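First the structure, in the form of structure tokens, and then the observations on it.
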Amino acid sequence: MSGHKTLTMIKPVAFGKNYTGKILAKITEAGFTISAMKMTKLTIVQAQAFYNVHKERPFYNDLVEFMSSGPIVAAVLEKENAVEEYRKVIGATNPENADKGTIRDLYGTSLQANAVHGSDSDENAEIEASFFFSQLERF
Ligand code: CMP
């Protein structure tokens, strides 16, 4: 059975352009419930840990530097089949290929600064949610 949660981050450029409110509105309009949320700024070490799965990729160091360059908003989103449903709402990884009206189409500026992160599996959604939130911070 598909899981009901996914983890998102509003990335530094989208946050810096003040798109947070508009992105959260898209998320709730798409039927997601926000069950945990915080504004934070990742250290290099935290960003390395979060994206550890990509550590062999050529873009890893740039991605880590970018993700620790400014504030972000992290949130756990809930809906039936959340991982797949959220990926439809955000669009393709590269904003240039994202369907019209998706979050990455509207608010992304490059492959790296693609507005938001979304978990790619139910297993990673739980790992990523636990990375940011204790049980006391999840509702
Ligand atoms: P995200 O969903 O946060 O997961 C990993 C991120 O790596 C991805 O979004 C992109 O912002 C970034 N990235 C940079 N270069 C690439 C690439 N060539 N392929 C995939 N992801 C990339």
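Okay, here's what the table says:
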read-out	value
Test result for G108, more than 12 Å from the ligand (Cβ to nearest atom) and either touching a helix residue (DSSP H, G or I) at 6+ places or on another chain (Cβ under 7 Å) or not basic (K, R) (or both)	no
Restricting region 10-21 to residues that are open to solvent by 30 Å² or more (accessible area, probe 1.4 Å) and on the phi < 0 side of the Ramachandran plot, the residue that is nearest to the ligand (Cβ to nearest atom)	V13
Whichever residue in region 29-47 is part of a helix (DSSP H, G or I) and farther than 21 Å from G16 by Cα and, among such residues, is farthest from the ligand (Cβ to nearest atom)	E29
Residue count, region 99-139 (criterion: outside any helix (DSSP H, G or I), open to solvent by 60 Å² or more (accessible area, probe 1.4 Å) and within 22 Å of V45 (Cβ to Cβ))	1
Failed criterion for K26 (all others in (1) touching a Gly at 6+ places or on another chain (Cβ under 8 Å); (2) part of a helix (DSSP H, G or I) hold)	(1)
Residue satisfying condition, being polar (S, T, N, Q) and touching a strand residue (DSSP E or B) at 6+ places or on another chain (Cβ under 8 Å), within set S110, S134, S68, S119	S119
Residue match in region 99-119 (condition: without any contact (Cβ under 8 Å) to a residue 24 or more places away in the chain and closer than 11 Å to T6 by Cα)	no
Every residue from region 53-91 that is open to solvent by less than 40 Å² (accessible area, probe 1.4 Å), within 12 Å of the ligand (Cβ to nearest atom) and assigned to a loop (DSSP other than H, G, I, E, B)	G91
From L24, L42, residue being closer than 16 Å to T6 by Cα and surrounded by 14 or more Cβ atoms within 10 Å (Cβ to Cβ)	L24
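The values are calculated or read from the model by the stated rules, or taken from the named source; none is laboratory data. For clarity, every value in this text was computed on a predicted model and none was experimentally measured. Positions of Cβ are backbone-derived with ideal geometry, glycine not excepted, and every protein chain shown enters the neighbour counts. Note: areas computed on protein heavy atoms with side chains; ligands, DNA, RNA excluded. Shrake-Rupley method; radii C 1.70, N 1.55, O 1.52, S 1.80 Å.
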